[in-house]
Ligand SMILES: Cc1ncc(COP(=O)(O)O)c(C=O)c1O
């Protein structure tokens, strides 16, 4: 039903039906959770044999004893393997600890307080600097900016990525804009893949921005397709080389959603010059990363094809969960004016846009019947969705049965909130 075209009587009849369904669900006392994008235990099980792969042999290919200190930027074989995920050269790769989020924080902290090219280049010397934040986006990126006191400027996104006319005009006009967050393939939460033209324009930003501008290219889902043949992403480092802007990029990835979310590997791709400066700073923070885990990962995958074959197993577990979410939305809300959503071909999320003013209400309604959703607003800087529309759905962790139940509730809450809103107007 299109609520904007329905009569008052039709809406009242629908409301009575929805309210009785809602009351029944309340009585069922559900305890379901569609909040965070965590891998399910079955996904974690796919990597269990990593536990025994070393069989007491801790020597790296160059003879490094991985149990000891050292190797600040990682084992050569880990760099050789994961540079292929990042789309950079092995010498442009740094392998860190278990969380790319830590590397992202360290990079921004380094650029802000210590300077990407020495103390004089520290962003904080220029006053309150700013970052562009394509929305909807990832709440933990926004949290890093808040923690460092960096002002966030939301930028619109469409199915091709950030609105580059807006990005370029902002960056040209304001030299205090020092960077932009990007989740370029299977974006969090929309699942979109940046188009080639958008990637090319982002690669060129270093030419028009103020000094020490950096793109935070968080390619967390770069090989997380739900099936082979999903849209590819242009190689941003190659394009930056073409424009002579390699120094404007920091590229991130991890195996958090490939092996173990709490015990994976995080890595970063950057120009040799950027890495040289960052490593000086990193050497103060640590004597070296967990190289045993790096060796374990390399032995477990063998090579890049082994890594991709492993991702097929994740896709087998994830695809039915995404299909379930989409099928509930299709059968409950398609061909109505109560919401729209993305149909991602990879990543961990489905992004839902309700009628303006209803996201908070829908999340509250679902919570009251025992279905936890990501807080409304979380996908926007400062937790403020100006239209109160966007809700991020994360179907990776719950069982298929729980997703079906949770989505039944979600669809009902969307309808209930929409009809109530229309009747109150
Ligand atoms: C876009 C994005 N980047 C980074 C992360 C976290 O990555 P890591 O576990 O490597 O810190 C997530 C997790 O949800 C994410 O969605």
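Every number in this text was worked out from the coordinates using simple rules, so none of it is lab data. Keep in mind that what you see is a predicted model, and the values were worked out from it rather than measured. Neighbour counts run over all protein chains shown; Cβ positions are idealised from the backbone, glycine included.
A straight line joining the Cα centroids of the stretch 144-191 and the stretch 285-358 runs 22 Å.
Note the direction-averaged projected area, equal to a quarter of the hull surface, for the Cα convex hull of the chain, in nm².
Numbers: hull surface 85.1 nm².
That works out to 21.3 nm².
Against the main long axis of the alpha-carbon atoms of the chain, helix 359-368 sits at an angle near 80°.
Grab the Cα-Cα distance for residue 8 and residue 36, subtract it from 0.36 nm times how many residues apart they are, and report the gain in nm with one decimal. Walk me through the intermediate numbers first.
Working: separation 28, 0.36 × 28 = 10.08 nm, distance 3.83 nm.
Length difference between fully extended and current span is 6.3 nm.
Ordering of 49-58, 303-312 by packing is 303-312, 49-58, highest average first (other Cβ atoms within 10 Å, averaged per residue).
For residue 207 and residue 58, a Förster radius of 51 Å and the Cβ-Cβ distance give a FRET efficiency of 0.65, rounded to the nearest 0.05.
Helix-only estimate, please: 222 nm mean residue ellipticity of the chain, summing -39500 (n - 2.57) across DSSP H runs of length 4 or more and dividing by its residues, to the nearest 500.
Details: 14 runs with 177 residues, N = 425.
Calculated at 222 nm, the ellipticity per residue is -13000 deg cm²/dmol.
Consider all pairwise Cα distances in the stretch 94-153 and report the whole-number % of them above 20 Å.
Details: 518 of 1770 pairs.
Cα-Cα pairs of the stretch 94-153 separated by over 20 Å account for 29 percent.
Converting the Cα gyration tensor eigenvalues of the stretch 70-302 into ellipsoid dimensions via √(5λ) gives semi-axes, longest first, of 26, 22, 16 Å.
Based on the Kirkwood radius over alpha-carbon pairs, what is the Stokes-Einstein translational diffusion coefficient of the stretch 229-367 at 4 °C with 1.567 mPa s viscosity, in µm²/s?
67 µm²/s
For the chain, the longest principal axis of the alpha carbon atoms and the long axis of helix 400-424 meet at an angle near 60°.
Measuring how big the stretch 1-104 is from its alpha-carbon positions, Rg and Dmax come out at 26.8, 78 Å. Compute a Gaussian network model of the chain, connecting alpha carbons closer than 10 Å, and tell me which residue from 43, 227, 21 fluctuates the most. In the Gaussian network model the winner is 21. State whether the stretch 161-285 is rounded, prolate or oblate according to the following rule on the C-alpha gyration tensor (a ≥ b ≥ c being the square roots of its eigenvalues): a/c under 1.5 gives rounded; otherwise a/b larger than b/c gives prolate, and the remaining case gives oblate. Oblate shape, in that a/c is at least 1.5 and b/c is the bigger or equal ratio.
One quarter of the surface of the convex hull around the alpha-carbon atoms of the stretch 155-234 equals 5.1 nm², the direction-averaged projected area. Direction-averaged projected area, Cα convex hull, the stretch 274-346: 9.2 nm², rounded to one decimal. Convex hull volume of the Cα atoms of the stretch 193-242, normalised per residue: 78 Å³.
Classify the stretch 19-171 from the C-alpha gyration tensor, please: rounded if a/c falls under 1.5, else prolate or oblate depending on whether a/b exceeds b/c. Because a/c hits 1.5 or more and a/b fails to exceed b/c, the stretch 19-171 counts as oblate.
Across the stretch 169-212 the C-alpha pair distances fall into 5 Å bins from zero in the proportions 5, 21, 25, 20, 17, 11, 1 percent.
Rounded, prolate or oblate for the stretch 325-425? Axes are the square roots of the Cα gyration tensor eigenvalues, ordered a ≥ b ≥ c, and the cut-off for rounded is a/c under 1.5. In terms of gyration-tensor shape, rounded.
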